[in-house]
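The values are calculated or read from the model by the stated rules, or taken from the named source; none is laboratory data. In this text, all values refer to a predicted model and were calculated from it rather than measured experimentally. Note that each Cβ is placed from the backbone with ideal geometry, even for glycine, and that neighbours are counted across all protein chains shown. When the accessible area is computed, the model is the full protein with side chains, heavy atoms only, and any ligands, DNA or RNA have been set aside. Shrake-Rupley method; radii C 1.70, N 1.55, O 1.52, S 1.80 Å.
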Amino acid sequence: MKNFTIVANWKMNLLPLEACELVQNINMQYGDLPHNIRVLIAPPSLYLQSLAEKNRGTIKFVAQNCHEKEEGAFTGEISAQMIAASFCEYVILGHSERRLYFKENNKLVNAKARVALDAGLTPIICIGESMAEREKGKTNSVLKSQLKACLDSLHSESDIIIAYEPVWAIGTGFTPTPGQILDTHIFIKEELMKIQKRDLPVIYGGSLNDKNAKAILSCINVDGGLIGGASLSFETFSSIIDTSREISGN
Ligand code: PEP
């Protein structure tokens, strides 16, 4: 039976009441998920603790980022330990928006992954090529170097999730074809075998929605989805969860 990890990345969206209502609806509908379906929600950090504390159960919570140091004078930042102490178990690292707007690079993502793992969090490490890189035929070489640097010296028994998110697909309504996603996930899994000597969950992100979820999640080596825009509405997000249940046969 296939395992799916379905992650909602709310980014900087939803006011507190909207966030509470959406989580409550998801929790009511999916409070009793089969063990092979993980539903994770990444709200803005301001709401993380209260949402996670009030909604402890099958749905788990995710921070959208953390700082690379354990503690200190870093105004405006939150640490991995703070996240772990706030009933959260996961953290998204290296999202393309962090790489683009906050100039994060693979080395920093690696440092963040280390503190996250030390704090007991599971990092969801995002990798993906830009359109220019794809057009120059550099997709695989970009992914290879991102994986190598982001995973550098991370223990091969750590819980880690890889999110393949082509930068040009995020928030654009464009996606690679299921065949392209399949090929890229094969490549990523081969690289993971070389770097970590094991298989890791590789989820797809980039304009995944209720319409294309079936085609994308049916790809044999797609282990779930990281969903931005379509995770902001209960109807579309729940439809994606339902699709994953249907594909996995429960
Ligand atoms: C994302 O933010 O990781 C993402 C995939 O966004 P969207 O689904 O809106 O493309």
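Ordered from largest to smallest accessible area (heavy atoms of protein chains, 1.4 Å probe), the residues GLU97, GLU191, GLU157, GLU18 come out as GLU157, GLU18, GLU97, GLU191.
Near the amide H of LYS69, within less than 5 Å, lie no amide hydrogens of residues on another chain or at least 5 residues away, with H placed in the peptide plane. Equivalent ellipsoid of the chain: semi-axes from √(5λ) of the C-alpha gyration tensor, largest first, are 25, 23, 17 Å. Note on LYS194: aspartates and glutamates with a C-alpha under 15 Å away, same-chain residues under 8 apart excluded, are ASP152, GLU157. The figure for ASP199 is an accessible area of roughly 90 square angstrom, using a 1.4 Å probe on the protein chains alone.
Note that region 13-24 has calculated 3J(HN,Hα) couplings of 10, 6, 7, x, 5, 5, 5, 4, 5, 5, 5, 4 Hz, one per residue in order, obtained from phi through the Karplus relation 6.51 cos²θ - 1.76 cosθ + 1.60 (θ = phi - 60°); glycine and proline are x. Rounded to two decimals, the Cα-based Rg/Rh of region 10-147, with Kirkwood Rh, is 1.01. Note on exposure: THR175, THR122 ranked by accessible area (1.4 Å probe, complete protein assembly) read THR175, THR122, with the most exposed listed first. Each Cα pair under 8 Å and six or more residues apart adds its sequence gap; the mean of these over the residue count of region 6-78 is a relative contact order of 35 percent. Cβ-Cβ distance of GLU235 and MET12, R₀ of 25 Å, FRET efficiency by 1/(1 + (r/R0)^6): the value works out to about 0.70. Dividing the mean sequence gap of close Cα pairs (under 8 Å, 6+ apart) by how many residues the chain holds gives a relative contact order of 20 percent. Amide H contacts under 5 Å for ALA163: ILE125, CYS126, ILE127, ILE203, restricted to partners 5 or more places along the chain or on a different chain, H placed in the peptide plane at 1.01 Å from N. Remark: region 111-122, residue by residue, has Karplus-estimated 3J(HN,Hα) of 5, 5, 4, 4, 5, 4, 5, 4, 7, x, 8, 9 Hz, where x stands for each Gly or Pro and the curve is 6.51 cos²θ - 1.76 cosθ + 1.60 at θ = phi - 60°. A simple rule links phi to the HN-Hα coupling: the Karplus curve 6.51 cos²θ - 1.76 cosθ + 1.60 with θ = phi - 60°, which for region 28-43 gives 5, 6, 10, x, 10, 7, x, 5, 8, 10, 10, 10, 10, 10, 10, x Hz, with x for Gly and Pro.
Rolling a 1.4 Å probe over the protein chains gives GLU135 an accessible area of about 140 Å².
Extending 7 Å from the Cα toward the beta-carbon at both GLU21 and LYS194 defines two label points whose distance is 5.0 nm. As a length-normalised measure over Cα pairs under 8 Å and 6 or more apart, the relative contact order of region 88-156 settles at 37 percent.
Annotation: amide H-H contacts under 5 Å for THR122 (H modelled 1.01 Å from N, sequence separation of 5 or more, or interchain): TYR90, VAL91. Extension gain, ASP183 to GLN29, is 52.1 nm, computed as 0.36 nm per intervening residue step minus the present C-alpha separation. The heavy atoms of SER238 offer some 10 square angstrom of accessible surface to a 1.4 angstrom probe.
For the chain, the mean residue ellipticity at 222 nm estimated from helices alone is -12500 deg cm²/dmol, where every DSSP H run of n ≥ 4 contributes -39500 (n - 2.57) and the total is divided by all residues, rounded to the nearest 500.
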